[in-house]
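Following: one structure in structure tokens, then a few remarks.
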Amino acid sequence: MKFVSDNLGVNEQGNLTIGNVDTVKLAKKYGTPLYVMDEDEIRKNCQMFQKSIDTYYDGQGMVCYASKAFSCKEIYRVMQSENMGIDMVSGGELYTAVQAGFDVSKACFHGNNKTDAELEMTLEYGVGRIVVDNAYEMERLNRIATKKGVVAPILLRITPGVDAHTHYFIRTGQIDSKFGFTLETGEAFEAVQRAIACDHLDLLGLHCHIGSQILDTTGFVAGAETMMQFILQLKEKLNFEIRDLNLGGGFGICYTQADDPPTYDIYMRDVAAIINVFCTDHQLKRPFILIEPGRSIAAPAGITLYTVGGKKTIPNVRTYVSVDGGMCDNPRYILYQSAYDALVANKADKPKTEIVTIAGKCCESGDLIGENMEIQSVDAGDIIAVCATGAYNYSMSSNYNRLQKPAVIFIKNGEDRLVVKRESLDDLIRCDI
Ligand SMILES: *Cc1c(COP(=O)(O)O)cnc(C)c1O
């Protein structure tokens, strides 16, 4: 059996394992649906990215985990212990990180519509880099920083006009985007001038993020090249040299056997090559590089376990297999028709002999985990594992149909521990008056 992540395996009982822990036992111990995250895999992925900066860019950079991919207190503790930076996009993520003891001087704060309250929080907590998205926000931040008598460390989010080859909803680098200052129109250049003129803003550098689940390096290289051209233009026309260049995230992962992403270090290799040559050719100071992988750190580390409740075969149409979760714990199918690999955890040693549609339990026909999925012979009571669900599943989960959010457990050194409790019925009515 070939798995989409190398931390999955099969034990002597024929059960699926993650990080050498029996998933069927986990389902019994904690109940289903259940998110299981392999902490060793998360740490390994962080270290791979860090090592790529050491190898190809003399360590002159920082890896910031994009915590929107998977956010809870424990992940910020793991990131702190791995000496990682963090990318965050809301007061809620910032609060969670601070509560977990994360040093937010290593945080980048994003978002195309940050509230005044969020901007105030970033200054109060000492966020290291606030990524300003638009002119309105720049004025607001300058005003808030002035009132507080502080100088806000900022980057400007630039839309480089790079069209990444990925799903329309997760493309962000093209001109038609809600994010950032546009390069082509001159908006970005004006924004730099304005930022330099603001007494209470310290312009550290620039940021771009071209999209997500990108499976080759051409878009990243094009993005880096465009940004370097702009950096050169700023030096020549404004005599202003930036210190930071944040190249965003978006590195693709293997969801099914059809995906073939390059190994993570290839991104840094290709991007660093362009930047190094460009800086030498134009006598520019090499910028401090930040990268923001989210999915590629968290997704391969996670699986979701469900219990099968029933099966419905419609002759010559399809077979539905119903599980005890769905779009409320994994909305990626209903959002993007995302493909996943699934298997019967308690028959993981058996060949896949059926083609089924895995349906959730919500009152939406589109509430599916996937259509026409190859799987072992499956029946009520079986445990289904859906692979590579560590990113954008728990963080995008909802209480639709008043379903309780599942528990999250972490696996480390072959031991399991609870890091997010399963929601109770009382949790569901906690805010109701
Ligand atoms: C979403 C996002 C990321 C992370 O993207 P992944 O595809 O999860 O790596 C990084 N930076 C910014 C600004 C983002 O919005």
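Quick notes on this structure:
- Probe 1.4 Å - accessible area at I175, Å² to nearest ten: 90 Å²
- Modelled label reach - Y400, point 7 Å along Cα→Cβ, the range 355-369 residues with backbone N closer than 12 Å: 360-369
- Rounded, prolate or oblate (a/c below 1.5 giving rounded, otherwise prolate when a/b exceeds b/c) for the range 196-248 by Cα gyration tensor: oblate
- Secondary structure note: in the chain, about 50% of the DSSP beta bridges are antiparallel.
- Computed FRET value (nearest 0.05) for E423 with K29, which takes r as the C-beta separation and R₀ as 25 Å: 0.90
- Positive-end residue of F240, C198, Y30, charge dipole of the chain with Cβ unit charges: Y30
- Under-5 Å amide H pairs with D341, H placed in peptide plane, nonlocal only: C387
- Efficiency of FRET from Cβ geometry, N316 and K235, R₀ 60 Å, rounded to 0.05: 0.35
- Sequence-separation-based contact order of the range 281-331, relative, with Cα cut under 8 Å and 6+ spacing, percent: 24 percent
- Residues of the chain: accessible area per residue with a 1.4 Å probe, Å²: 42 Å²
- Result for the chain in a Gaussian network model with C-alpha springs under 10 Å: among I242, I158, I383, the largest mean-square fluctuation is at I242.
- One chain, two ends: R243 and T218. Fully extended at 0.36 nm per residue, the span grows by 6.6 nm beyond their Cα-Cα distance.
- The heavy atoms of V89 offer some 60 square angstrom of accessible surface to a 1.4 angstrom probe.
- Cβ-placed point charges (K, R +1; D, E -1), dipole of the chain about Cα centre in debye, nearest 20: 620 debye
- Residue order by solvent-accessible surface for L418, L34, L428 is L418, L428, L34, largest first, with ligands and nucleic acids left out and a 1.4 Å probe.
- Residue of Y306, Y35, Y336 that the Gaussian network model of the chain assigns the largest fluctuation, springs spanning Cα pairs under 10 Å: Y336
- Built amide H within the under 5 Å cut-off of N246, gap 5+: L206, H207, C208, L290
- Cα long-axis angle, helix 39-57 against the chain (0 to 90 degrees, to the nearest 10): 30 degrees
- In the chain, the calculated helix contribution to ellipticity at 222 nm averages -9000 deg cm²/dmol per residue, counting -39,500 (n - 2.57) for every DSSP H run with n ≥ 4.
- Lysines whose Cα lies under 23 Å from that of K73, excluding same-chain neighbours fewer than 8 positions away: K29, K44, K106, K114, K405, K412, K421
- Principal-axis analysis of the Cα atoms of the chain puts helix 135-148 at an angle of about 80° to the longest axis.
- The three principal axes of the Cα atoms in the range 1-124 give end-to-end lengths of 55, 39, 25 Å, sorted in falling order.
- Helix axis angle, 116-125 relative to the chain longest principal axis, alpha carbon, degrees: 80 degrees
- Centroid-to-centroid separation of the range 218-265 and the range 274-326 [C-alpha atoms, Å]: 19 Å
The values are calculated or read from the model by the stated rules, or taken from the named source; none is laboratory data. Owing to the predicted nature of the structure, the values given are computational and were not obtained by experimental measurement. Heads up, the Cβs are rebuilt from the backbone with ideal geometry, glycines too, and the neighbour counts pull from every protein chain shown. Calculation scope for accessible area: heavy atoms of the full protein, side chains included, ligands and nucleic acids excluded. Shrake-Rupley method; radii C 1.70, N 1.55, O 1.52, S 1.80 Å.
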